[in-house]
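The values are calculated or read from the model by the stated rules, or taken from the named source; none is laboratory data. Everything quoted here is computed from the prediction, not taken from an experiment. Glycine also receives a Cβ, built like all others from the backbone with ideal geometry; neighbour counts cover every protein chain displayed. Just so you know, the surface numbers come from the protein's heavy atoms only, side chains and all, with ligands and any DNA or RNA stripped out. Shrake-Rupley method; radii C 1.70, N 1.55, O 1.52, S 1.80 Å.
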Amino acid sequence: MSDDMYLDQQPLGAVTFAENPEPRCPCLLLLDTSGSMAGEAIAELNAGIKSFYNELQGDSLAIKRVEVALLSFGPVRIISDFNTAECFFDPLLEAEGDTPMGEAIRKGIELIRARKEQYRANGISFYRPWIFLITDGAPTDEWQSAAALVREGEQSKAFAFFTIGVNKADMKILKQISVREPVKLQGLKFREFFQWLSNSMKSASRSNPGDRIQLAPPLGWSEI
């Protein structure tokens with residue numbers, strides 16, 4: 001699918017900060033859509049994303065506060081910039097290409113930085129952003145500089161970065177990228193993962209910006 005086709009699907013009339021001045025909980029999903037994800041894996045990932053948005057849309061507070069951005073890599077594309085769940089347009093991710101994970105992480109961190117600037121410019125308070133990297137392989141590009149940016153961001157509390165390994169993901173490299181222990185997805189339990197994530201985001205949206213948010217253990221979808 002071309003970038004133009006994705007842009008054509010972008011939601012129209014996204015809600016402005018003036019219309020919705022609620023604090024924002026930003027969540028960025030960095031999604032590996034390289035060729036190795038073809039078949040059942042990409043189908044389950046698409047279904048999981050859809051269920052994630054459905055859960056958020058059914059929660060009166062989360063729909064106003066949780067903002068999700070989707071960035072896929074293989075090649076790197078912004079599928080959807082930060083928007084609240086009511087603007088979901090049900091993208092259909094397709095598996096192709098290699099795994100430019102370093103570029104995706106750098107682009108994702110830049111997206112987070114830009115969104116925080118928009119919050120500040122509009123007087124919107126916000127929670128520490130969450131970044132979830134989901135991959136089934138190893139980077140095919142230079143990733144060490146991206147890992148350094150992740151460490152810097154965690155140290156300055158600019159965001160919290162999580163890694164999820166699928167199938168034959170290189171967990172050793174993920175350990176070098178993230179300061180948090182990578183989690184291995186059990187089989188293709190994307191829907192269970194996104195159920196856990198939506199519950200976590202809903203609970204975060206009920207707290208106050210700056211509160212310490214304790215994530216529930218990754219039960220039901222991770223390999224122990």
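Below, the figures for the structure above:
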| quantity | calculated |
| --- | --- |
| The chain, accessible area per residue, ligands and nucleic acids excluded (1.4 Å, Å²) | 45 |
| Carbon + sulfur, % of accessible area of the chain - ligands and nucleic acids excluded, 1.4 Å | 50 |
| Per-pair calculated FRET efficiency, R0 = 22 Å: residue 113 and residue 141 via Cβ, rounded to 0.05 | 0.60 |
| Choice from 40, 103, 86 showing the highest fluctuation, given a GNM over the chain with Cα pairs closer than 10 Å | 40 |
| Whole-number percent relative contact order across the chain, with pairs defined as alpha carbons under 8 Å at least 6 apart | 24 |
| Among 128, 24, 180: highest mean-square fluctuation, GNM of the chain, C-alpha pairs under 10 Å | 180 |
| Virtual spin-label span in nm between residue 22 and residue 208, 7 Å along Cα→Cβ | 1.9 |
| Helix-derived mean residue ellipticity, 222 nm - over the chain, DSSP H n ≥ 4, -39500 (n - 2.57), to 500 | -11500 deg cm²/dmol |
| Of 133, 56, 149, the one that fluctuates the most in a GNM where the chain has Cα springs shorter than 10 Å | 149 |
